[in-house]
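Visitor: One structure, as structure tokens, below. Some questions next.
The values are calculated or read from the model by the stated rules, or taken from the named source; none is laboratory data. Because the structure is predicted, anything quoted here is derived from the model rather than measured. Here the Cβ positions follow ideal geometry from the backbone for every residue, glycine too, while neighbour counts run over all protein chains shown.
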């Protein structure tokens with residue numbers, strides 16, 4: 001089994017008790033957060049090998065973050081302390097319709113101090129899978145550090161997973177934000193986006209067309225999460241310009257819920273057409289309490305399955321579909337409870353959902 005290494009921001013989420021906009025709520029609960037930290041915790045909760053790379057404050061909140069990740073079974077050897085920098089904070093509230101509002105306090109905080117020299121290259125090589133996001137790339141040295149890490153992982157032959165996790169208030173210039181996100185694509189194997197991010201980053205809301213545009217820039221596997229509607233996936237087969245995520249069988253998806261299609265796209269560096277295996281896994285019917293952390297649980301659960309694959313670079317469409325079904329089930333469970341890490345499921349809980357009817 002490979003180790004899933006998550007890298008980037010960790011912070012304290014203050015989650016409002018009441019429904020409403022942040023300006024109207026009055027009481028909050030403290031929780032460990034940050035998308036990459038959530039991913040690390042989820043992989044650990046499922047029973048996988050998980051590690052986190054980042055910087056934490058030496059303050060009380062920083063110690064709380066380290067202790068929390070340790071409780072989830074996460075290797076925190078490279079979650080390095082930094083003096084005289086506070087822990088980042090985010091205040092989160094849900095209104096009556098379920099829409100979230102955020103207020104971040106990130107300036108000069110601990111996670112932003114991670115340097116390229118902090119990246120343990122030998123550890124990445126032995127781990128095999130690296131997951132990153134774009135929040136840490138909103139400032140330097142995080143931008144340079146993230147690009148350094150993904151480039152190194154690609155050179156080592158590992159798998160790179162990327163979740164843009166778009167936060168508009170972190171990017172005063174949306175065009176610059178999109179450019180920074182796109183700079184990671186050439187080194188990305190697994191790209192996870194939601195509906196809004198798909199349209200922002202490709203200019204289209206069409207799932208198949210948007211996935212093809214993303215493939216053309218590098219990623220071999222595109223996962224588009226669709227909230228209650230599940231997930232659309234698009235797997236690019238091997239071509240003369242690619243050596244990852246090539247389908248090694250002629251499997252096709254069967255069953256009433258599949259919408260798998262075959263198409264082709266242009267490789268980002270040449271004119272050779274590469275066939276795509278595309279399909280959609282439906283969502284699970286649940287009573288939603290809070291969607292915070294659902295996307296993180298989705299990609300974490302997918303990577304948990306990928307880490308157990310004998311060859312992460314030779315995937316069939318059926319394997320991808322099975323793992324997406326697992327990830328959809330896991331993320332649906334997270335939405336039934338408030339909080340992100342507090343709602344993370346066990347492996348048995350996910351398996352129970354998969355055994356039940358949609």
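Visitor: I'd like the residue in the range 85-116 that is part of a loop (DSSP other than H, G, I, E, B) and in contact (Cβ under 8 Å) with a residue 60 or more places away in the chain and, out of all such residues, is surrounded by the fewest Cβ atoms within 10 Å (Cβ to Cβ).
Guide: 96
Visitor: Would you kindly identify the helices (runs of 4 or more DSSP H) lying entirely within the range 171-218 that contain at least 3 residues that are more than 20 Å from residue 141 (Cα to Cα)?
Guide: Output list reads 195-202, 207-215.
Visitor: Now a separate question. Can you confirm whether the range 50-59 contains a residue that is crowded, with 19+ Cβ neighbours inside 10 Å, modelled with pLDDT of 95 or more and in a helix (DSSP H, G or I)?
Guide: no
Visitor: Further, regarding this structure: If you scan the range 292-320, which residues turn out to be surrounded by fewer than 23 Cβ atoms within 10 Å (Cβ to Cβ) and in contact with a strand residue (DSSP E or B) (Cβ under 7 Å, 6 or more places away or on another chain)?
Guide: Residues satisfying the conditions are 307, 312.
Visitor: Just to be sure I understand, how many residues within the range 117-167 are within 13 Å of the chain's Cα centre (by Cα), closer than 21 Å to residue 88 by Cα and not in a helix (DSSP H, G or I)?
Guide: Qualifying residue count, the range 117-167: 8.
Visitor: Report yes if some residue within the range 36-44 is farther than 14 Å from residue 292 by Cα, surrounded by fewer than 24 Cβ atoms within 10 Å (Cβ to Cβ) and under 18 Å from the mean Cα position of the chain (by Cα); otherwise report no.
Guide: Checked against the condition, which is being farther than 14 Å from residue 292 by Cα, surrounded by fewer than 24 Cβ atoms within 10 Å (Cβ to Cβ) and under 18 Å from the mean Cα position of the chain (by Cα), the range 36-44 yields no hits at all.
Visitor: Does residue 43 fit the bill of being in contact with a helix residue (DSSP H, G or I) (Cβ under 8 Å, 6 or more places away or on another chain), closer than 13 Å to residue 9 by Cα and part of a helix (DSSP H, G or I)?
Guide: For residue 43, the condition - in contact with a helix residue (DSSP H, G or I) (Cβ under 8 Å, 6 or more places away or on another chain), closer than 13 Å to residue 9 by Cα and part of a helix (DSSP H, G or I) - is not met.
Visitor: Continuing with the same structure: Only one of 203, 218 is modelled with pLDDT of 95 or more, more than 14 Å from the chain's Cα centre (by Cα) and under 21 Å from residue 131 (Cβ atoms); which?
Guide: 218
Visitor: Please indicate, with yes or no, whether at least one residue in the range 129-136 is surrounded by 16 or more Cβ atoms within 10 Å (Cβ to Cβ) and free of Cβ contacts under 8 Å to residues at least 60 places away in the same chain.
Guide: Checked against the condition, which is being surrounded by 16 or more Cβ atoms within 10 Å (Cβ to Cβ) and free of Cβ contacts under 8 Å to residues at least 60 places away in the same chain, the range 129-136 yields at least one hit.
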